[in-house]
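Remarks on the structure that follows.
What follows draws every value from the coordinates through simple rules; no lab data is involved. Note that this is a predicted model, so its numbers are computed, not measured. In this analysis, Cβ positions are derived from the backbone assuming ideal geometry, glycine residues included, and neighbour counts consider all displayed protein chains.
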Amino acid sequence: MNFEILLATNNKHKLQEVREILSPHGIIVYGISDLNLDYQEPIEDGKTYKDNALIKANSLKELTDMPIIADDSGLEIEALGNMPGMYSARFAKEKGGYDNAFRYIFDKTKENNKARFICDIIMVNMENKPLLFEGICEGKIAKEVKGDHGFGYDPIFIPDGYDNCFAELPREVKNNISHRGRALKKLLTYLRINGFIKK
């Protein structure tokens, strides 16, 4: 029997990525649009990734009894004081798009290109408290844009132990080592230990 879960997103790229990671384990992942919910996107004004993930998860809690997962993630660049972090999507928008953001980042990381991706996943409607699963992927900023897979900052981030950006790696490799992939592995372990899934 499949385990069904709702991912609190309208981002088709994120939904595809989460499905690729969870589906082999007998988990059906729905996006918000799949369930035709009367949903209004919340204001993400939390102070941490966990806060924002919880805001997103709780915004759907009254609309379904289905287990809900929500994530908040960001790219932390050491030379920028760990920015853009939680504001990664907003940062690109304020710069006029990802291409402009990439150019700005390349200029600021010539001396120090250390960076990391963080992802916090919150799960609700499972226990009487929210569950947190965190994944971190250490790496560095590339010298130029590379690859055409993935989305967001994937074309400029090289994970430790690799010579290629996320956007150059096969999807199954990226999903195995990425911040989101690592957080979802912890979620899978929880579901397996508690008997919700077998694989």
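Quick notes on this one:
- For residue 143, a cut-off of 20 angstrom between C-alpha atoms picks up these aspartates and glutamates, skipping any fewer than 8 places away in its own chain: 76, 78, 99, 107, 111, 154, 160, 163, 168.
- Between residue 28 and 3, 4, 5, the built amide H atoms are under 5 Å apart, and every one of these is 5 or more places off in sequence or on another chain.
- Within the straight-line cut-off of under 27 Å between alpha carbons, the lysines reachable from residue 186 are 12, 14, 47, 50, 56, 61, 114, 129, 140, 174, 198, 199, sequence neighbours fewer than 8 places apart in one chain being disregarded.
- Packing-based exposure ordering (other Cβ within 10 Å, fewest first) of 173, 18: 173, 18
- The chain: most fluctuating residue of 151, 117, 102 per GNM, C-alpha cutoff 10 Å: 151
- Gaussian network model of the chain, springs between alpha carbon atoms under 10 Å - residue of 172, 62, 78 with greatest fluctuation: 62
- For the stretch 46-92, the fraction of C-alpha pairs farther apart than 12 angstrom is 65 percent.
- Cα gyration tensor, the stretch 3-193 - rounded (a/c under 1.5), prolate or oblate: prolate
- Relative contact order %, the chain, counting alpha carbon pairs below 8 Å whose residues are six or more apart: 19 percent
- Relative to the 2.2 N^0.38 Å rule of thumb, the stretch 82-199 has a C-alpha radius of gyration ratio of 1.20.
- In this structure, the amide hydrogen of residue 74, modeled 1.01 Å from its nitrogen in the peptide plane, lies closer than 5 angstrom to those of 118, counting only residues at least 5 positions away or on a different chain.
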